[in-house]
Structures are given as structure tokens and as C-alpha cells.
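Heads up: the structure comes next, in C-alpha cells.
The values are calculated or read from the model by the stated rules, or taken from the named source; none is laboratory data. Computed from a predicted structure; not experimentally measured. As a convention, Cβ positions derive from the backbone with ideal geometry for all residues, glycine included, and neighbour counts pool all protein chains shown. Side chains are part of the model used for accessible areas, which takes the heavy atoms of the whole protein and leaves out ligands, DNA and RNA. Shrake-Rupley method; radii C 1.70, N 1.55, O 1.52, S 1.80 Å.
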Amino acid sequence: MNFEKFFRFVSYAAVFCGFFSLWVSGTFGILATGLFIAVFVGAWFIEGSKWQIGERAGTALIVLSLPVFFGAWYLQVIPPSAGETWEAGVLARMILCLTAVKLLQKKSDRDWIFLYLMAFFEVLLAAGLSISALYLGSFLMYLLVMVCAVIAFEIRKTARAVEHQIAGTTFRKKDEISESNMVMRLRRVPSTAIALIFFIIALGLPLFFMLPRVGGAGFGGDQSGLSTSSGFSDVVRLGQIGRIQENDAVVMRVKLEGGAGSPNGLYFRGVALDTFDNQSWSKSNAEPKIQFRKGDSGLIRLDAAGSRESLFIQTIYLEPLDTPVLFALPRVVGLQGNFSMLNKDAYGAIYHNRSSERISYKVFSDRSQPSADRLRADDEPYGRDVQNYRALPPVYDKKIDALAKEVSAGANNRYDKARMIEAYLQSNFGYTLEQKASGNQPLSDFLFNIREGHCEYFATAMAIMLRTQGVATRIVNGFHGGEYNDTADVTLVRQRNAHSWVEVYFPGEDAWVSFDPTPFAGQMAESPLTGIAATFSKYVEALETIWIQYFVAFDNQEQRSLAASVRNSFNDYQSKISAYLGVTRDVVSEWLAEVRGDKGMRASLIAVAYAIGYLAAAVIGVLLLLWVFRRVKLFKIWRLLWDRLSNKRHTSIVEFYDRMLLILAYRGLTRQPFQTPLEFANETGIPEALEITGKYNSVRFGDKNLSRDEADEIEIWLRNLQSSDSRYSG
């Protein structure tokens, strides 16, 4: 590949990287993607041919496209994709159109710069639209390619300037000198680009982890189009959870302190509902939510905690949802996050000021529960404040009451009644996501006719059956289980993990206890992927989690956690070093005591003998290392290795000889095509030229490699040629 082809390749690659960054954000559909790819490939093949459009035609197309896109934005005729505003959608398509026009046009240096700028704006725009880990990959690819493109552009521009300066001499032979110089620089472009990228990363990473974050930044921030339907609200109709479970989208990623273990016992509570009208559940208590504000420590305290051992800590990365509900394991006693205030309703649901951004928060849950014996012994009567949890629909099938009595016969306490009804529903009914129960009373149809359904029907059946027996209940909608990813150490909760279960109130313990009557086949939604696909998906999700945790959701709370982690690690190392020094001090003190004779003459002699032995071993070890070092030095291994790494041993033939020809050309000494290198050197009469030509011939025709000393000597001769007092004949 010659230099011009390399320059065109990296320039086109930079343009494609800009487009790819926007594409991974979901901005372009199939039509726009296909059109741009067709233009991109076509422009590559017609580059430098007569089929390229002229500069005037390209400028005219660009000028005409601006009012067209303004009108599209004003009239909103281009619908935005998920996660973008009208402005961002039109801007992305306008940039893509301008890029396509420039690709088809005959390009000067200004046109290449224009294309680089368009690619930069595409990457910048994609940063505000994309929350995918694929953007990280596209950005890194863009960074490497763009650095190579800019370096190649500058080399190309400088080489043309040099050619212009010496255009009047016969020395200007592009295929012999200029092209060879470009090829030599071309070999250095990738390594230079990688070095620059590492320098940028080394400089930028500390700033990234230290600078504060600004919430809602980006073109896609705080837009309803970014949200995913959660289905959780103050009114939930029967069958709604079943529709949600058909979606495989990720809702949240949960990092559990101390490891996840089995996800079967994880119930992420969302909303609780108490009123059933045979068709839907709703809330009867419309009292204003209680507000809780952040304390000095950054913790929002929501409830009193029990023992410290019962606290369960979760860090939750919640996807953009259409609900202000915060999901967490029950019972939440404290919460940390970028919230100045939280609201809590009478049913224990936690709300924040809704936004359509991905948010992260840390939850402290008290998961302690009264024992089964204490719950069985709880016969405290219900007060008037919980009568809404015992209310039945005005009209309902009385066979439900009879069924509940039959199933719970023999139980003389609330807890056993709940367990018996739970077991009955789990064992005698089938699970399906199909909406089969119907009519004015779908619950009765489910219990006595269809006898299969999804979690909402099971939870509703248990809640109403218990209410017919005077037990206070409510249903809870949230998420159950998830997929534990051991690579990222997180549990992925998807929409298919949406779930409904029952909470039963025990007044003596003042506790709401969870029961799940759904058959076990319906409690855990299995991943549709298996084998290699599942393994690949696991690593992709791990990358996505790292991207979210340390980039997208890395706020001041995460900064404090990182600082605390670094501080704790430093303290651990400090403690280990102190312990090691303490042990060393004790050993030395014990040895000194033995040498002094505190433990008798025999112990003293043994201690001295050990000391002499250790000292002799140390001296022998040092002498052995010195001997090895000298032997290695004799073989000149380090010198050979250094020459290999520094590439001095393979100093380019063309480079040093062409530099000499270029220096002499500036002084009016030009080698003619019919002259051999030695004839030309003899004609100049310059000793340095004769020496350099001799080295050139020995390497070029004698298959000899330059040593480091010879390469340094050549550099001295070249500097002498450049100095004003060098001798030459003209």
C-alpha cells in the first residue's frame, strides 16, 4: 500500500466510524443505513475518477439541503427514533447527508477537513443519544482511526509543500524520493497514533474519575421517547403483567453486596395495591405521600432498621422507565443516590422525581422476618386502619369463599391459612402467559373454569381467598429473580421477570409478610439463549455493565464509593506492612535475646550460627548474581536486545541516503539519473557524502545491517552536511 492509498483508507475509515457511532445509538433505520452504505462504497470506487461531482455542484447540493432539513425539523416530518429528540434526529440526518455529498465530490484538503469535522460531530452527537456499551467500542475505534487520519493528513500536506519548494530542480522525483519518505513515515503512523491514544487516556482517566457529573446531559436526556414501558402504576388491570413478561428488555442491573447467590429469593418490590373491582387493582388511600430528605451523610432514611446483621445492601442501575417508582428488596430503610428528596406512599412504594434517564442508587433493606412460630401465634385483632386490606368487591362469586374454607380447613391461624392456600394454588393450577380468563369476573373464570394463568391471577386469587377468611392482604407488583452474571457480578432483571405476589399483614408483629402462590414453573423466567450464544451474551452483558457502572452512571455517589474503596485498599496494605514489620521486629528482638544468652549458652550459639549461615548465604547469592551479570554482559545480550527494540539495527536504507540527497539538493547538488551513487558522491567531493554513500552501498548491495555505532556516526555526518561550514564542491 502506497501512502496515498493509506491516506484515503484511514480517511474513509474515520468517516465510517462517525456514521457507525450514530448507527449503534439506533438513530438510522434500514433505509437511511442502506443509502449511506451505498454512497460510501460508491464514493470509494469513483475516488479520483471523472465520475466525481465537481466542487460547485457539491456546494450547491449542500446549500440546497440546509433549508430542506430545516423544513423537515419545523414540520416534524422525520420521526425521531427511541432516545432522541426531533432536533437531534434531524441534525443527525443532515450531517449524514452533508457527509454523503462530500464523499461523492472531488476533494481538496478543505474537503477532507470537512469530512473529519462531520465524523467528529457524529461521534459527539451519538454520545448524547446512546447509552449502549457498543458506543464505547465505536468511540475507541474512531479515536484510533481519526488520530491516524490526522497524522497522515499532516504528512501528506507537508510533503506537498516540500515538493512545491523544490519544484524547479531535477531532484523532484516523486516515485524515488518523496514517495519513499512518505512510506517510511507511514510505518510510524499506527505506533504514533497508539502512543497518542495512551497519552490521552493517561491524562483523561484521572480527570474522568475526579470531575463531578452533570445529570441529564446529552441530546437524549429527559425525553419520554427514551423510556421503556414498565406497566407499573396506581391502577393495574388483570393481564397487564402477562403482556410485560413477553418483553426481554433489561429493566435493571443489581449488584448485591456479598454476592448474589441464587436469584430465586430476590423480590424487587415496586407498587402495592389494595382495592379489587373484579377487573383491576388500585389504591384506596389517596393521602399525600410522605417526603423524606437527604441527610448530611447523603443517606435518605426511610424507616427504622433492625440489627445491622439483617441489613442487605444493593446497588441498582435502573434503565429509563415510564414510572417514578424505585425498585428494591423489601423492607427499605435507607437509600443513597442523586436524589435530594424521595416520596413514600402508605403502601411502602418509593417514588422519585421522574426522569427518563438511567439512574443508579444504593439501597439498604432490612430483610429480617418474624419466625413462623411467632406468626402462627399472632392472633392480635385487626384495627380499623387496615380494613381496606380486608375489603371484597361489591359483587363476587361466592364459590371463592367456599373454596377458601375448603382449602384452609384445619388451619386455626392466619399464617397456616396463607400457607395452605399458597400451596393449593401452586399445586393444582397451570401457568401460562396467554390471556385465557375472561368475562365480568375473570378471577372466578380462572379458579373454576380455565385453571391456568399467569402470576397476576395467582396473586389475586390468594389475596381474595384470604380476604374471604378475614385476613388482611394486598398484592405487590415488581420483579422476581433475574440472571446472575458471574463475569460482572451483577443480577440482570428483565421485563420478563415482572411478577405479582401477595403480602399478608400480621398486626401483632406489625409486619407485612410475602407469599408467592405462582407455580414454580412461572416464578423464574429462563433465558432463551443456551450454549455458545449464552456465553457470548454473558460477556456482552458484562461489558455493558462495566460501561454503565463506570461511565454512564458514574456520578458523585460512585466517586465517593471509589474513593472509599481506594482508601480502604491503602489502609489494608498499610496494615499488612505494619503487621509484617511487627513480626520482623519480634523475630529480631527474640534473636538478640538469644544472642545475649537470655535463653542459655546453647541457644546463644545456635542463634549466632544461624546468623552466620544467613550472612554467608546472602554473600554467596550476591556473588552469584554478579557472576551471572558479567557472563550475560560478555555475550552482549542486552546490547543486542536494545538494538532490536530501538530498531537501530534495521535503520532504513532509503531514509538516511534520501535525507542526504535532500540536503544536497537544497545546496544545488542534484544526482542525475545516469549517475551511480558512488559517481555522484565523488563528483560532490564532500567527505561526508562519500562516507554515507559507502555505508549505503554496503547495506543496500552487501546485505549488511547497520550497528548502533554506525547509525550514530551517519547521524553525525548528516548534521555536518546541514551545518553552514560543511565543505562541498559546487
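Backbone geometry of the range 17-22 corresponds, through the Karplus equation with coefficients 6.51, -1.76 and 1.60 at θ = phi - 60°, to 3J(HN,Hα) couplings of 4, x, 4, 5, 4, 6 Hz, x marking Gly and Pro. Relative protection proxy for 9-15, 31-37, from highest mean packing down: 9-15, 31-37 (other beta-carbon atoms within 10 angstrom).
Potential lengthening of the chain between I620 and F536 amounts to 24.8 nm, from the contour at 0.36 nm per residue minus the alpha-carbon distance. At the residue level, E483 shows approximately 50 square angstrom of accessible surface with a 1.4 angstrom probe and all protein chains present. Heavy-atom accessible area for T491, with the other protein chains in place and a 1.4 Å probe, reaches approximately 0 Å². Need the list of lysines near K362 for cross-linking: C-alpha distance under 28 angstrom, and skip anything on the same chain fewer than eight residues off. Partners found: K255, K283, K289, K294, K344, K538. Computed from phi, the 3J(HN,Hα) profile of the range 300-307 under the Karplus parametrisation 6.51, -1.76, 1.60 (θ = phi - 60°) reads 9, 8, 10, 7, 7, 9, x, 6 Hz, with x in place of Gly and Pro. Accessible-area rank, largest first, for D516, D277: D277, D516, with all protein chains present and a 1.4 angstrom probe.
Applying 1/(1 + (r/R0)^6) with r as the Cβ-Cβ distance of A249 and A372 and R0 = 35 angstrom yields a FRET efficiency of 0.40. The residue list S307, G295, T323 was ranked by how far each Cα lies along the charge dipole of the range 269-328 toward its positive end, using unit charges on Cβ atoms, and G295 comes out on top. Only Lys, Arg, Asp and Glu carry charge here, each on its Cβ (+1 for the first two, -1 for the last two); on that basis the range 319-369 has a dipole of about 160 debye about its Cα centre.
Here N571 and A593 are evaluated by their C-beta separation; at R0 = 30 Å the FRET efficiency comes out at 0.40. Distant-in-sequence amide contacts of M252, defined by a placed amide H-H separation under 5 Å and a gap of 5 or more residues or a different chain, comprise E319, V493. Taking amide H atoms as placed 1.01 Å from N in the peptide plane, the amide H of I350 lies under 5 Å from those of L326, each 5 or more residues away in sequence or on another chain.
Amide H contacts of V333 (H built 1.01 Å from N, in plane; Pro and chain starts excluded): F364, S365, D366 sit under 5 Å, all sequence-distant by 5 or more or on other chains.
The stretch between D586 and Q672, if pulled fully straight at 0.36 nm per residue, gains 22.6 nm over its current Cα-Cα span. Remark: accessible surface ordering of L690, L64, L669, L273 (largest first) is L64, L690, L669, L273, probe radius 1.4 Å. Remark: spin-label model distance D277-R301 equals 4.1 nm, labels positioned 7 Å along the Cα→Cβ axis.
Can you tell me the length gained on complete extension of the stretch S604 to V395, counting 0.36 nm per residue apart and subtracting the Cα distance? The S604-V395 span can extend by a further 65.4 nm. A simple packing score, the average count of other Cβ atoms within 10 Å per residue, orders the peptides 18-25, 377-384, 428-435, 612-619 as 18-25, 428-435, 377-384, 612-619, with the highest score first. Using the Karplus relation 6.51 cos²θ - 1.76 cosθ + 1.60 with θ = phi - 60°, the per-residue 3J(HN,Hα) values for the range 618-625 come to 5, 5, 4, x, 5, 4, 5, 5 Hz, with x marking Gly and Pro. When nucleic acids and ligands are ignored and a 1.4 Å probe is applied, W717 ends up with an accessible area of around 30 Å². Let's test the formula: R0 of 35 Å, r as the Cβ-Cβ distance of S723 and E154. What FRET efficiency results, to the nearest 0.05? Here the calculated transfer efficiency is 0.80.
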